[in-house]
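Here is the structure we will look at, set down as structure tokens.
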Amino acid sequence: MSTNNETTFQQIIAHAKEYGFVFQSSEIYDGLSAVYDYGPFGCELKKNIRDYWWKSMTQLHENIVGIDAAIFMHPTTWKASGHVDNFSDPMIDNKDSKKRYRVDHLIEGFVDTLNAKGENQKGEELIAAMEQLLAKDDFAGLKELIYEHKMSCSVSGTCNWTDIRQFNLMFKTEFGAVASDNPDDNIVYLRPETAQGIFVNFLNVQKTARMKIPFGIAQTGKAFRNEIVARQFIFRMREFEQMEMQFFVRPGTEGEWYKVWKEERLNWHKSLGIPAEKYRYHDHVKLAHYAKEACDIEFEFPIGFKEVEGIHSRSDFDLTQHQLYSKKKQNYYDADIDPATGKPYGNYIPYVIETSIGLDRMFLLVLCSAYKEETIAKEDGSTDSRVVLNIPAKLAPNKLAIFPLTKKDGLPEIAEKLMSECKPLFRCFYEEKDAIGKRYRRQDAIGTPFCVTIDHQTIEDGTVTVRHRDTMTQERIPMDKVKELVLNAIV
Ligand code: GAP
């Protein structure tokens, strides 16, 4: 990461705190590492992203329905899903500092330093070599790579490394107060992905919502991972939120559905008006234990291109495993006629295409792409500056700010009338304090797309001044057209 980009990233983090988007969790106790709280504007933005995703999945697709499964699940779920045995990352410890690193993060961190020196080609080769070794679980080869390039610990500065070992990322806790001779009896896990809540409810949903294959089940909710190297603000957290959709298909059609969802998900991102060149696909070389084919949608954050969303072809792995462990059939009966045989497709365990996006990571994406520091040329030749968040209007925490020019002459009463007309439809903000210019700047900093000023002319002709956030242009429109203007921009 170049120094400039590092500065921008730090400025975005500082801005997120100063303007009530994201706070460190339990800050008064010096915080809890990789856990964050969302403030007044942050929780609105987060909710708007979640709603936008939910609507695009469940309302705009007649064949996708939602569920809201519990975070706690029967512990066998995680044995069946493979997470108890396989949900681990290769780790390496520095013997001098005792600091533990995820091997891929150590190597990626080293590549960042190469990129900062302009040695991008070398960095790309190193990443390719790492991916090949990870795909083969070749830990000796990875350790050799670390030594060969003299990758050192950021704390001790030495290359005195242990062997590479696997470390499970699931959090465990005890369930209920029943004493048992075997402490493992009471163990439950905090779910590391929301997907399993969908799989174990596959038949409940299919039957009750009378779904026919192909169909999907969507869910948003918290997931927990004991990330070893949790850094980069809300990019990698220990408690985070996922928005996942499992799409159940007829075996043999998974290849075409994988392509459909790969394209559809990128289109969803582009629908927000964020420049397409900021996105790219990254096809996986090392596949997760459940995956047959997988790719990431990556976004160019100030810290480089990083994963925001994963699209995975999970085959029938999960349902087959749950059938095996629960001894409950997970078959679907497909009454459609197979043209090859002239008979119904009959019973099978469906294949699954999964789309999985981190809500917090999407939040960071929106914040990073929206954050701008601008210099404004004034008419008298001097300059001014502003920080503005060009958040897509449909996601912005406040849609409209309403300002009476002064606190007298009946202007607040007119402003309050507009406020009560608009607030049932979208989130508005009312303010009478300070000069109008200052009020505009505060709304720019939280990304409010429209500000409306009620002045003395409003009393005469019923018009107001609308000020547009991105262009800072102002226009005079009838007050009864304000609602329509905002609704057109956010629907
Ligand atoms: N069910 C599949 C699954 O969980 P994943 O690639 O491990 O796949 C999906 O995670 C998405 O969840 C990622 O693309 C990322 O956006 C988000 N995510 C994963 N780990 C995260 C973490 N520690 N902090 C924030 N977001 C995370």
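No value in this document is a laboratory result; all are computed from the given coordinates. All figures in this text were calculated on a predicted structure; none of them were measured in a lab. Don't worry about glycine lacking a Cβ; one is built from the backbone with ideal geometry, like all the others, and counts go over all protein chains shown.
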Handout entry: Cβ-Cβ FRET estimate between residue 328 and residue 380, R0 fixed at 51 Å, reported to 0.05
Key = 0.10
Fill in the blank from the handout: In this structure, the FRET efficiency calculated for residue 61 and residue 320 from their beta-carbon separation, with R0 = 25 Å, to the nearest 0.05, is 0.45
Exercise for the section: Quickly work out the residue 475-to-residue 431 label distance, labels modelled 7 Å from Cα along the C-beta direction, and quote it in nm with one decimal. Expected result: 2.4
Practice task
Give the relative contact order (percent, whole number) for segment 89-163; include only Cα pairs under 8 Å separated by 6+ residues.
Solution key: 40
Completion exercise
Checked against a 24 Å limit on the C-alpha separation, the offending pairs among 372/423; 46/481; 98/143 are 372/423; 46/481
Handout entry: Relative contact order computed over the chain (Cα-Cα under 8 Å; 6+ residues apart), in percent
Key = 13
Fill in the blank from the handout: Place a point 7 Å from the Cα of residue 6 in the direction of its beta carbon; the residues of segment 371-394 whose amide N falls under 11 Å from it are none
Practice task
State, as an integer percentage, the relative contact order of segment 144-252 based on alpha-carbon contacts under 8 Å between residues 6 or more apart.
Solution key: 23
Exercise for the section: Can you check what the net charge comes to around residue 387, using other residues whose Cβ is under 14 Å from the Cβ of residue 387 (Lys, Arg +1; Asp, Glu -1)? Expected result: +1
Exercise for the section: Can you tell me the order of 352-360, 136-144 when each peptide is scored by its average per-residue count of other Cβ atoms within 10 angstrom, highest first? Expected result: 352-360, 136-144
Practice task
Could you tally the net charge around residue 416, taking each other residue with its Cβ under 11 Å from the Cβ of residue 416, Lys/Arg +1 and Asp/Glu -1?
Solution key: -1
Handout entry: Where labels lie 7 Å past Cα in the beta-carbon direction, separation of residue 173 and residue 30 in nm
Key = 2.4
Handout entry: Counting DSSP beta bridges with both ends in segment 398-490, the antiparallel % (nearest 5)
Key = 55
Exercise for the section: Report the label-to-label distance for residue 272 and residue 120 in nanometres (one decimal), using points 7 Å from each Cα along the Cα→Cβ vector. Expected result: 2.4
Practice task
Calculate the length of the line joining the C-alpha centroid of segment 306-346 to that of segment 38-87, in whole Å.
Solution key: 20
Fill in the blank from the handout: The extension gain from residue 484 to residue 420, computed as 0.36 nm times the residue separation minus the Cα-Cα distance, is 21.6 nm
Handout entry: Violating pairs (Cα-Cα greater than 25 angstrom) within the set 292/343; 262/343; 79/136; 95/122
Key = 292/343; 262/343; 95/122
Handout entry: Whole-angstrom Cα spans of segment 303-347 along principal axes, big to small
Key = 55, 31, 12
Problem - Label point 7 Å beyond Cα of residue 156 along Cβ direction - residues of segment 95-136 with amide nitrogen under 14 Å - result: 95-101
Exercise for the section: Compute the signed sum of charges (Lys and Arg +1, Asp and Glu -1) over the other residues within less than 14 Å, Cβ to Cβ, of residue 340. Expected result: -1
Handout entry: Net lengthening on full extension, residue 256/residue 147 (0.36 nm per residue, minus Cα-Cα)
Key = 35.0 nm
Handout entry: Exposure proxy order (Cβ contacts within 10 Å, fewest to most) of 87, 301
Key = 87, 301
Practice task
For the chain, state what percent of all Cα-Cα pairs lands in each successive 20 Å bin, counting from 0 Å until the bin that includes the largest distance.
Solution key: 19, 48, 28, 5, 0
Fill in the blank from the handout: quick shape note, segment 289-408: Cα extents on principal axes in Å, largest first -> 80, 40, 33
Practice task
Could you please tell me the mean projected area of the C-alpha convex hull for segment 89-163, averaged over all directions and given in square nanometres to one decimal?
Solution key: 4.5
Fill in the blank from the handout: Going fewest to most other Cβ atoms within 10 Å around each Cβ, 72, 403 line up as 72, 403
Practice task
Arrange the peptides 477-486, 375-384 so that the one whose residues have, on average, the most other Cβ atoms within 10 Å appears first.
Solution key: 477-486, 375-384
Practice task
Collect residues whose amide H, placed 1.01 Å from N in the peptide plane, falls under 5 Å from the amide H of residue 454; neighbours closer than 5 in sequence don't count.
Solution key: 403, 405
